[in-house]
Amino acid sequence: MTRELQDKRIAVLMTDGVEQVEYTGPRAFLEQQGAKVTLISTKQKGEQVQGFNHADPADKFTVELNVRDARPGEFDALVLPGGVSNPDALRLHTEAITFIREFGRENKPIAAICHGPWTLIDADLVKGKQMTSWPSLQLDLQNAGAQWRDAEVVADGKLITSRKPADIPAFNQALKQALAA
C-alpha cells in the first residue's frame, strides 16, 4: 500500500444497477493509495446498493452516506461508476444532480466511466468538453455539446472519462494524476 493519496477524500455516487467492477476497481485502487472513499447514494445510510456484472445481479454494497447529507466541500474528487440503470436512476434525483454539479462548480476532479457520464449531461457539465463513454452515450453527449472520442481515458481539465471496465487501469491512473495536481 502506498500513501500517495493520503488525506484525499473521494465520493463515489451510485445506486442500484451499478456495474460492480466500476465501483470496486477504483475504490480498491484509491484505498491502496491511501485515500478515504465514501459510498454515497440516493438510498439511506445503511441500506444496500445492488451491484451487477453486466445484466447479472452481483454483490450488494452498504451505503455510507445519503446524498442529501453529503457536501462536495468535504471531498477532493467524485467518482461516477456506470452500469445502465445506475446513472439512469441518478438522473431522476435532484439531490444527486446538484451534488455532481457542485463538484463541477468547485472545479474538483470528476471521474465517470461507462454510462456514468450520462449524469454529467443533467448536471450541465459536458458542453465544450472532450469526453468518452460507453458507445451508446456518444450521441447524447454530443447533443449536449461534448466532443466525444473513442479512447480508453479522456481527461479534459478536471473531468476524466472512460469507456468500459477494461479501461479501469487507465481511468485509475488519470484520477490519481488529477488528485496529485
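Worth a mention:
- When segment 55-76 is filtered for residues that are part of a helix (DSSP H, G or I) and surrounded by 18 or more Cβ atoms within 10 Å (Cβ to Cβ), the ones remaining, listed by number, are V67, P72.
- From the list P117, P165, P135, the one residue that fits, being under 12 Å from the mean Cα position of the chain (by Cα) and modelled with pLDDT of 95 or more, is P117.
- Filter result (open to solvent by 10 Å² or more (accessible area, probe 1.4 Å), under 18 Å from N143 (Cβ atoms) and in contact (Cβ under 8 Å) with a residue 60 or more places away in the chain) within segment 77-129: D88, H115
- Contacts under 6 angstrom Cβ, first residue in segment 49-63 being more than 14 Å from R27 (Cβ to Cβ), partner open to solvent by 30 Å² or more (accessible area, probe 1.4 Å) and of a type in the set (D, E, K, R), 6 or more apart: Q50/D16; Q50/K60
The values are calculated or read from the model by the stated rules, or taken from the named source; none is laboratory data. All values reported here derive from a predicted model rather than from experimental measurement. Positions of Cβ are generated from backbone atoms using ideal geometry, with glycine treated the same way; all protein chains shown enter the neighbour counts. Areas reflect the complete protein model, heavy atoms only, side chains present, ligands, DNA and RNA absent. Shrake-Rupley method; radii C 1.70, N 1.55, O 1.52, S 1.80 Å.
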